[in-house]
Amino acid sequence: MPVTLSACPAHADRTAPTPENLTYSLTFPSTLSSPAMARAATRTLLAAHGLRDVLDAALQAVAELTATACQFTASPEIYVSLRFREDALRLITYDSHPRHTNARVAAACEARRRAALRLLACVTRTCGGDWGFGPAREPGGGTRMWATLPRTSTASAYGGPGVVSPR
């Protein structure tokens, strides 16, 4: 009787990396080296998925998000998500810093976070994207920060000739 071999698991997707299947979730320690590690991982992942054209803007954005998450978290780790949806790169970080109940303390904390993300605001504005932060919807709480970099905009030309980058 002949033996037939089958793929196990049968649902395994063996397609090559493309922009459309860029979907990664990474956990980094909340240390000073994490922004550099996040940049290195982002560089590798975007190159593998054919998204080199948004690399400069993405590296700047992920470094800013990661550094700020590390600065504000009380936890030993932070969470970083990279997704490509609707022709835009979506970068999200989560840290454990909860929203303050005292309105004045909350306003001061938000002002400090906004100041820490000033360069991110410049990058996303230059690229025609969006950024922000707010309470995380996950069970552990904390803060969610994000940046969206549209590929069809100047994100693909960010840092190139004719496009002034905030470096």
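The values are calculated or read from the model by the stated rules, or taken from the named source; none is laboratory data. None of the values given here were measured: they were computed from a predicted structure. Cβ atoms come from the backbone with ideal geometry, glycine included; neighbour counts cover every protein chain shown. Keep in mind that these areas ignore ligands, DNA and RNA; they rest on the heavy atoms of the full protein, side chains included. Shrake-Rupley method; radii C 1.70, N 1.55, O 1.52, S 1.80 Å.
A few comments on the model shown:
- Averaging the Cα positions of each part gives two centres, and for the stretch 99-131 and the stretch 11-79 these lie 20 Å apart.
- Database remark: amide H of residue 77 closer than 5 angstrom to the amide H of 30 (H placed geometrically; neighbours at sequence offset of 5 or more, or on other chains; Pro and chain starts carry no H).
- Amide N proximity, the stretch 83-99 versus residue 18 label position 7 Å along Cα-to-Cβ, cut-off under 16 Å: 84-88
- Computed from phi, the 3J(HN,Hα) profile of the stretch 129-142 under the Karplus parametrisation 6.51, -1.76, 1.60 (θ = phi - 60°) reads x, 9, 8, x, 8, x, x, 6, 8, 6, x, x, x, x Hz, with x in place of Gly and Pro.
- Zone residues, the stretch 78-105, relative to residue 43, backbone N less than 15 Å from point 7 Å out along Cα-to-Cβ: none
- Distant-in-sequence amide H partners of residue 88 (H built 1.01 Å from N, under 5 Å): 151
- Distant-in-sequence amide H partners of residue 99 (H built 1.01 Å from N, under 5 Å): 142
- Of the solvent-accessible surface of the stretch 12-149, computed with a 1.4 Å probe over protein heavy atoms with every protein chain present, carbon and sulfur atoms account for 55 percent.
- With K and R counted +1 and D and E -1, the other residues having a Cβ less than 15 Å from that of residue 46 yield a net charge of +3.
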